[in-house]
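Here's the structure, in structure tokens; my notes come after.
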């Protein structure tokens, strides 16, 4: 059976409807405040009428009291008396105890969690400043909200984003961005360095300017010339390899003029080896003369 206070709210709504008060909203809301260590610090319970507090609850004395000072103050006083004499006090205290029991669990999953950030550098050329670019370091998806962002040029710090504006992302994470106007010089490296409690080491995102227009044209011309040279070289090698090679005459050449046979000197004369030379493919007359010289000796 609903408590008397609920009946009073129903009667109040019926009276307002009959008098043509128009649309109205009446609701109950409870909340508990948490300390920095996650413990329950305070508890609130209110009955609101059209977003205005009508009846409030004091947890220290466990009593309802009227907290509306307007035309509905008398109605709020009656409702507070009815609520104090009903079981609504026990229900509100049960909500307060649930807040105490659940606070450490949700505190560990929300306030004590560590979510690492994500980083991306977006360059935007500046049309009114030659060779200048606006670098924007986007950092998002991190928790807790404390974060340090620095810009480095070739390893040297050039800007810091300690006081960067943080925006809640709606999913218990935060996002921010830090911009830097840089000169697009070939060979430079700009780094967005992010330090956060969830990271073992700082997170880095590098950006380097591309080649200038003059350098791009020179590289393109050099690459074209090199490509044409390689094609010509390959074609020349192919043509050279396809040409037939010239062949010499197959007949025996002229025989050398026979000279006097060498006179053997003193000492043992070496005999023929174990593998005497056999006849060549084209024996000539000089072989016969060499044989007669050996016979005479």
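Read-outs: derived from the displayed coordinates by stated rules, not from any lab. Note that this is a predicted model, so its numbers are computed, not measured.
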Review point. Tell me, how many Å apart are the Cα centres for the stretch 21-89 and for the stretch 154-207?
Key: 46
Check your understanding: In vacuo Debye scattering of the stretch 118-207, one point per C-alpha: log10 I(q)/I(0) at q = 0.14, 0.15, 0.17, 0.25 Å⁻¹?
Key -> -0.49, -0.56, -0.70, -1.27
Review point. What is the stretch 118-207's relative contact order, in percent, from Cα pairs under 8 angstrom and six or more apart in sequence?
Key: 32
